[in-house]
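Taking it in order: structure first as structure tokens, then the write-up.
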Amino acid sequence: GFTSTHRNLSIICCSQSFFDVPPSVRRMSNIYVLWKTKDMDSMKTIGRRCGLKKEELYHLIKTYLKNAHDTLWIDCTKQSPYPLSPNYFPDTLVYR
């Protein structure tokens, strides 16, 4: 946490399971990249931690994650211009 905030670094942590990432790292994260998964219970929990309602997240997944390589970027940074973006193309902004 200190290094990313005081040394002007962006740190990327990749994991196939959200819950295998230590809680301290999850709390310090502000951008999440989700891929479609069959485990909708874990997706519901991730969405809730990012401020999305279950129905809202399910709609986003169904609408924008059509194949295995599609992603949904959730940016929890304050005043982010693109808080939700499929495949991180700002021109395909879901909503502000």
**OP:** Output the residue which, of all residues in the stretch 22-79 that are under 13 Å from the mean Cα position of the chain (by Cα) and small (Gly, Ala, Ser), is surrounded by the most Cβ atoms within 10 Å (Cβ to Cβ).
**Re:** 47
**OP:** Could you tell me whether residue 17 is of a type in the set (Gly, Ala, Ser), more than 18 Å from residue 88 (Cα to Cα) and open to solvent by less than 50 Å² (accessible area, probe 1.4 Å)?
**Re:** yes
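The values are calculated or read from the model by the stated rules, or taken from the named source; none is laboratory data. Note that the structure is a prediction, hence the values are computed from the model and not measured. No Cβ is skipped: glycine too gets one built from the backbone with ideal geometry, and neighbour counts run over all protein chains shown. Keep in mind that these areas ignore ligands, DNA and RNA; they rest on the heavy atoms of the full protein, side chains included. Shrake-Rupley method; radii C 1.70, N 1.55, O 1.52, S 1.80 Å.
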